[in-house]
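Q: One structure, as structure tokens, below. Some questions next.
The values are calculated or read from the model by the stated rules, or taken from the named source; none is laboratory data. Please read these numbers as outputs of a predicted model, since none were measured by experiment. FYI the Cβ positions are ideal-geometry reconstructions off the backbone, even for glycines, and counts take in every protein chain you see. In case anyone asks, the SASA skips ligands and DNA or RNA and just uses the protein heavy atoms, side chains included. Shrake-Rupley method; radii C 1.70, N 1.55, O 1.52, S 1.80 Å.
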There are 2 protein chains.
Amino acid sequence: MAASTRTSRPTPERIFNTMVAFQETEALKAAIELDIFTAIADGASTAASLAARTGASERGVRILCDYFTIKEFLTKKENEYALTQESAVFLNRHSPAYLATMINFLASPWSRKNFAGLTEAVRKGGTANTTGDHTKPHEEVWVNFARSMAPLTIANAEFIAGLTGAADAKTCKVLDIAAGHGMYGITVAKRNPNAQIVSVDWPAVLEVAKENAAKLGLADRYTTKPGSAFEVELGDGYDFVLLTNIFHHFDVPTCEKLMRRVYAALKPGGQSMTLEFVPNEDRVTPPMAAAFSLVMLAGTDAGDAYTFAEYEKMFRNAGFAKTTLHPVPEMPQQVLLSEKQESPI
Amino acid sequence: MAASTRTSRPTPERIFNTMVAFQETEALKAAIELDIFTAIADGASTAASLAARTGASERGVRILCDYFTIKEFLTKKENEYALTQESAVFLNRHSPAYLATMINFLASPWSRKNFAGLTEAVRKGGTANTTGDHTKPHEEVWVNFARSMAPLTIANAEFIAGLTGAADAKTCKVLDIAAGHGMYGITVAKRNPNAQIVSVDWPAVLEVAKENAAKLGLADRYTTKPGSAFEVELGDGYDFVLLTNIFHHFDVPTCEKLMRRVYAALKPGGQSMTLEFVPNEDRVTPPMAAAFSLVMLAGTDAGDAYTFAEYEKMFRNAGFAKTTLHPVPEMPQQVLLSEKQESPI
């Protein structure tokens, strides 16, 4: 636990910090629950004024704000705290890029329970939780996901809308599988006034997606098919099928099964667009995509962050002759684009 | 959540990583429980051989070891994992500097419960847990501390032994208050064959300290006074009183009360040696000392990481005319040395 790393001898500092890393999650959760960052954005700058505004103790606020100054989410000058650019953009409730809601899913009791069982998960090779079969509905988990995680979709959804050629405004039919908050299909509809969106997810989850579509005035072009993506009648003749963050939940045969249904639902020349964490073949780079594998070990029976070679093979087995990889700029995920040939193979 | 920070625009990557920081603690806990690092030290290098050795699944081991490659506690070449210098020194059970036991205290259910109540702690200005008054015994907590945290003491304890002039082997009487594992007093006794150690802590905790003293053959110079440091008869005529990691648990009047007892127990010319996290006056530097304040907010009714000016004043109020500060090389803690004048003031 050396205070510096100037020497070349190893110090236990990083190990110590990893042992107490859970404290960082709890500190951010507390600051978000007390809406400290918004209070600072609104002009409160001292521990006393922040305490008055948030209904907390001055001592508690002082210690929490000092902690986030140390962690560089705040600055402190004399006794006045200010937001950094990072917290101003993402943790101030008034900012359009506010994403603090994500902690409600990322550090939810369900997610913590998955990780609390990690030793057992490593032993058995899959989650120790009872909710590991994601072909079954666990609606409370995915409604929470849909309510919490929309802020993270913006860049990915705009990128996917771009790949569909939304700007050309051609009439098209889009199937959004495991729609969640619905923001991927909704963004296509927002950018293309002639797109019709059909979304599939568990019934309670689709209520969130419908709300989001209605808020943007897109309800008339937004229909839903409640149920399992493996069982519900999907329809056919789609120009595009969106598969965002779904394959990583399943083992390879289950992924192939889903992709065969997608192949059947597309019209000839139609395209499936898969958004995923895709690690390199070494499975340890790039860091965020590769580390996602642990989240799947902790939370699913047999899911994983698959490599491009693995996806390419699964999709080929499902009928797609060719799949290409498209990194989303500045984001850790990539889009796999697979086209159904005009003359089916 | 951009994959890089090359642009100057803020990205949500650091915030995302903070939201999921608890995963790092759980991953390290799993690796320690499965003793993966020792298995690698013993020559297992592939997921298959590690799985066989640890009784875990190959898939689980592969994902966990990939994760620790990403986190730079392992390296991976083809499919073979190896320890880094850091994990070889601190996480391999055969290493004399092995400190993995620390996670049993740092991420104990008690510590997690303290932090799970952090929002409430910020509201009220002290822990939301029922164990916040550390003048009362919470023996299960401190026995766990004593069993888990000894590895972290080595550098601090040697430094303190040096300050007592242990190498001169002068006859001396040392009082070790809140001894815990006992390693501070024990190290003085190890370095000075003419030192007598008297240690104070709760009865069950002192059993751990006595075990440690006996292991090193020091039992004949090691006596104990079980009970509260605020109430037990301490004796007097001590050359040195060690106060390691105790004041941060209490409010200022309680610290002063303890220090008055210490003053009375010292012989004229005797010295008290206080080991503490001592942040600078800005309370946000240096990072490890300053961040410790949050641990005290989460876990105590009124404890804190006090500044040198605060300690100097408390100790002066308790009778010590002068206190000096001594940083422990390469460690985040410092020793405050206070001498009882030959002619008491």
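Q: Once each part is reduced to its C-alpha centroid, what is the distance from region B:28-60 to region A:207-223 in angstrom?
A: Here the two parts' Cα centres lie 49 Å apart.
Q: Using 7 Å Cα-to-Cβ label points, what is the A:R316/B:Q85 separation (nm, one decimal)?
A: So the two model labels end up 4.4 nm from each other.
Q: On to the next question. Have a look at region A:120-153 and report residues whose accessible surface goes down by 20 Å² or more when the remaining protein chains are included, against the chain on its own, probe 1.4 Å, ligands and DNA/RNA excluded.
A: A:V122, A:R123, A:G125, A:L152
Q: Follow-up. Out of all DSSP beta bridges in the protein assembly as shown, what portion is antiparallel? Express it as a percent rounded to 5. Numbers along the way, then the final one.
A: Details: 30 of 72 bridges.
Just about 40 percent of them are antiparallel.
Q: Contact order normalised by length for region A:1-139, with contacts defined as Cα pairs under 8 Å and 6 or more residues apart; what percent is it? All intermediate terms of the calculation are to be shown ahead of the outcome.
A: Working: 119 pairs, mean separation 20.4, N = 139.
Averaging sequence separation for qualifying contacts and normalising by length gives 15 percent for region A:1-139.
Q: In deg cm²/dmol and to the nearest 500, what is the mean residue ellipticity at 222 nm of chain A if only DSSP H runs of at least 4 residues count, each as -39500 (n - 2.57), divided by the residue total? Could you put the intermediate results ahead of the total?
A: Working: 16 runs with 150 residues, N = 345.
Value at 222 nm, helices only, nearest 500: -12500 deg cm²/dmol.
Q: Something else now. Give the aspartates and glutamates reachable from B:K225 as a straight Cα distance under 18 Å; neighbours fewer than 8 places away on the same chain don't count.
A: Answer for B:K225, where 18 Å is the Cα cut-off: B:E139, B:D176, B:D201, B:E207, B:E211, B:E233, B:D236, B:D239, listed by chain and number.
Q: Assuming 1.306 mPa s and 10 °C, estimate D for region B:83-208 with Stokes-Einstein, Rh taken as the Kirkwood radius over Cα pairs, in µm²/s. Write out the running numbers ahead of the final one.
A: On the way: Rh = 16.6 Å.
For the chosen part, D equals 96 µm²/s.
Q: Return the value, in Å² to the nearest 100, of accessible area buried between chains B and A (probe 1.4 Å, both sides summed). Write out the running numbers ahead of the final one.
A: Details: alone 17140 and 17180 Å², together 26580 Å².
Rounded to the nearest hundred, the buried surface is 7700 Å².
Q: Under 4 °C and 1.567 mPa s, how fast does chain A diffuse according to Stokes-Einstein, given a Kirkwood radius computed over C-alpha pairs? Answer in µm²/s, whole number.
A: Translational diffusion coefficient: 59 µm²/s.
Q: Between copies, how far does the label point of A:K170 sit from its twins, in nm, shortest first, when each point is 7 Å from Cα along Cα→Cβ?
A: Nearest to farthest, the other copies are at 9.2 nm.
Q: While we're on this one: Would you please give the residues with an amide H less than 5 Å from that of B:D176, counting only those at least 5 places away or on a separate chain, with H modeled from the backbone geometry?
A: B:V198, B:S199, B:V200, B:L242
Q: Give the residue list of GluC sites (Glu not before Pro) in region B:1-103 that are DSSP loop and have at most 16 other beta-carbon atoms within 10 angstrom. Before the final figure, lay out each step's value.
A: Numbers: sites: B:E13, B:E24, B:E26, B:E33, B:E58, B:E72, B:E78, B:E80, B:E86; in loops: B:E72, B:E78.
In loop regions of region B:1-103 (DSSP not H, G, I, E or B), the sparsely surrounded GluC sites (Glu not before Pro) are B:E72, B:E78.
Q: Could you pull out the longest piece of chain A with no exposed loop trypsin sites (Lys or Arg not before Pro) in it, calling a site exposed if DSSP puts it outside H, G, I, E, B and it has at most 11 other Cβ atoms within 10 Å? Walk me through the intermediate numbers first.
A: Values: sites that count: A:R6, A:K322.
Longest run free of exposed loop sites: A:7-321.
Q: Nearest 5 percent is fine: what portion of the DSSP beta bridges confined to chain B is antiparallel? Mind showing how you got there, number by number?
A: Numbers: 15 of 36 bridges.
Bridges in chain B are about 40 percent antiparallel.
Q: Right, another one. Could you work out the relative contact order of chain B? I mean the mean sequence separation of Cα pairs under 8 Å and 6+ apart, divided by the number of residues, in percent.
A: Values: 614 pairs, mean separation 42.8, N = 345.
That works out to 12 percent.
Q: In a solvent-free Debye calculation with one equal scatterer on each Cα, what is log10 I(q)/I(0) for region B:195-291 at q = 0.19, 0.26 Å⁻¹, listed in the order of the q values?
A: Scattering profile of region B:195-291, log10 relative to I(0): -1.03, -1.38.
Q: Do any GluC sites (Glu not before Pro) in region A:179-256 lie in a DSSP loop with no more than 14 other beta carbon atoms within 10 Å, and if so, which? Kindly include the intermediate steps, with their values, before the conclusion.
A: Working: sites: A:E207, A:E211, A:E231, A:E233, A:E256; in loops: A:E231, A:E233.
Within region A:179-256, the qualifying GluC sites (Glu not before Pro) (loop, at most 14 other Cβ atoms within 10 Å) are A:E231, A:E233.
Q: Let me ask something additional. Using alpha carbons only, how many angstrom separate the centre of region A:122-197 from the centre of region B:235-270?
A: 62 Å
Q: Moving on. One quarter of the convex hull surface, Cα atoms only: what value does that give for region B:232-345 in nm²? Each step should come with its number before you reach the end.
A: Working: hull surface 28.1 nm².
Mean shadow area of the hull around the Cα atoms is 7.0 nm².
Q: Still on this structure, please answer the following. Which residues' amide hydrogens lie under 5 Å from the amide hydrogen of B:Q333, considering only partners 5 or more residues apart or on another chain, with H built in the peptide plane?
A: Close amide H contacts, sequence-distant or interchain: B:V328.
Q: At a 1.4 Å probe radius, carbon and sulfur cover how many percent of the accessible area of region B:187-345?
A: Reported share for carbon and sulfur atoms: 54 percent.
Q: Okay, moving on. Shortest first, in nm, what separates the label point of A:G227 from those of the same position in the other copies (7 Å along Cα→Cβ)?
A: Those label-point separations list as 7.6 nm.
Q: Residue by residue through region A:74-81, which ³J(HN,Hα) values in whole Hz follow from phi under the Karplus form 6.51 cos²θ - 1.76 cosθ + 1.60 (θ = phi - 60°), with glycine and proline marked x?
A: 9, 10, 9, 9, 6, 10, 10, 8
Q: Here's a follow-up. Give the accessible surface of region A:101-167 per residue, rounded to a whole number of Å², with probe radius 1.4 Å and ligands, DNA and RNA excluded. Let's see the in-between values first.
A: Numbers: 2630 Å² over 67 residues.
Accessible area per residue: 39 Å².
Q: Could I ask something else about it? Above 39 Å lies some portion of the pair distances; for the protein assembly as shown, what is it as a whole percent of all C-alpha pairs?
A: Working: 99114 of 237705 pairs.
Roughly 42 percent, once rounded to a whole number.
Q: A further question on this structure: In the neighborhood of A:E231, defined by Cβ-to-Cβ distances under 15 Å, what is the net charge if each Lys or Arg adds +1 and each Asp or Glu adds -1?
A: Details: positive: A:K136, A:K225, A:K257, A:R260, A:R261; negative: A:D133, A:D201, A:E233.
That sum, taken over residues with Cβ under 15 Å, equals +2.
Q: Any idea what the relative contact order of region A:84-179 is, in percent, if you count C-alpha pairs under 8 Å spaced at least 6 apart?
A: Working: 47 pairs, mean separation 23.0, N = 96.
Reported as a whole number, the value is 24 percent.
Q: A further question follows. Which far-off residues, 5 or more places away or on another chain, put their amide H under 5 Å from the one on B:A195, with H placed in the peptide plane?
A: B:C172
Q: Of B:K190/B:K257; A:K173/A:K340; B:K210/B:K340; A:K71/B:K124; B:K173/B:K210; A:K113/B:K29, which pairs sit farther than 20 Å apart, going by alpha carbon to alpha carbon?
A: Details: B:K190/B:K257 31 Å; A:K173/A:K340 15 Å; B:K210/B:K340 29 Å; A:K71/B:K124 23 Å; B:K173/B:K210 17 Å; A:K113/B:K29 14 Å.
Table pairs above 20 Å Cα-Cα are B:K190/B:K257; B:K210/B:K340; A:K71/B:K124.
Q: Taking all pairs of different Cα atoms in region A:2-125, averaging 1/r and flipping that mean, what Kirkwood radius in angstroms comes out? Before the final figure, lay out each step's value.
A: Details: mean 1/r = 0.0611 Å⁻¹.
So the Kirkwood estimate lands at 16.4 Å.
Q: Around B:R261, under 13 Å between beta carbons, what's the net of Lys plus Arg minus Asp minus Glu among the other residues? Walk me through the intermediate numbers first.
A: Numbers: positive: B:K225, B:K257, B:R260, B:K340; negative: B:E231, B:E233, B:D236, B:E256.
Once all neighbours under 13 Å are counted, the net charge is 0.
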